[in-house]
Amino acid sequence: RTTTRMMHAIAWLLNQKAFFKGEISEFQLRHHGRLPPPQPEGTREQLALLSPEVADVVMRSVAFYARIQRLDRAWRDRFQLRPAAVHRLRERLGVAFAAR
């Protein structure tokens, strides 16, 4: 679970990096850059079976993923506040045709 959690977070970060470098569009980022739901964390009993060092890595990966989720949610909320490009284009076309 920890490996999967970290791979999803790293993939998300790499998609963000590609977007900010102009290698992918905002549409591609929204379409392919979604962060999957978190993996189940496991129980206290399961963590107790691990060495303290490994349990610490697991818990740090959970905290890291939660931080990435907050960033992803904030980015998606920002996007939802803006009208989509298609919606804006439809509005402009509607205004243009209404003026005729």
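The values are calculated or read from the model by the stated rules, or taken from the named source; none is laboratory data. From a predicted model like this one, the values you see are computed outputs, not experimental measurements. Heads up, the Cβs are rebuilt from the backbone with ideal geometry, glycines too, and the neighbour counts pull from every protein chain shown.
Tabulated results
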{"quantity": "Hits in the range 47-65 - residues which are over 15 Å from T3 (Cα atoms), out of contact with any helix residue (DSSP H, G or I) (no Cβ under 9 Å at 6 or more places or on another chain) and part of a helix (DSSP H, G or I)", "calculated": "P52, E53"}
{"quantity": "Filter result for S51 (of a type in the set (S, T, Y) and surrounded by 11 or more Cβ atoms within 10 Å (Cβ to Cβ))", "calculated": "no"}
{"quantity": "Members of the range 66-100 that are of a type in the set (A, V, I, L, M) and either modelled with pLDDT of 85 or more or not in a helix (DSSP H, G or I) (or both)", "calculated": "A66, I68, L71, A74, A84, A99"}
{"quantity": "Residues of the range 1-25 classified as of a type in the set (D, E) and either at pLDDT below 85 or not in a loop (DSSP other than H, G, I, E, B) (or both), total", "calculated": "0"}
{"quantity": "Boolean, Q28 is assigned to a helix (DSSP H, G or I), at negative phi and in contact with a Phe, Trp or Tyr (Cβ under 9 Å, 6 or more places away or on another chain)", "calculated": "yes"}
{"quantity": "Residues satisfying the stated conditions in the range 1-13, i.e. over 16 Å from Q69 (Cβ atoms) and crowded, with 16+ Cβ neighbours inside 10 Å", "calculated": "none"}
{"quantity": "Matching residues in the range 14-29 - criterion: being surrounded by 14 or more Cβ atoms within 10 Å (Cβ to Cβ) and either in contact (Cβ under 8 Å) with a residue 40 or more places away in the chain or within 19 Å of R70 (Cα to Cα) (or both)", "calculated": "N15, Q16, F19, L29"}
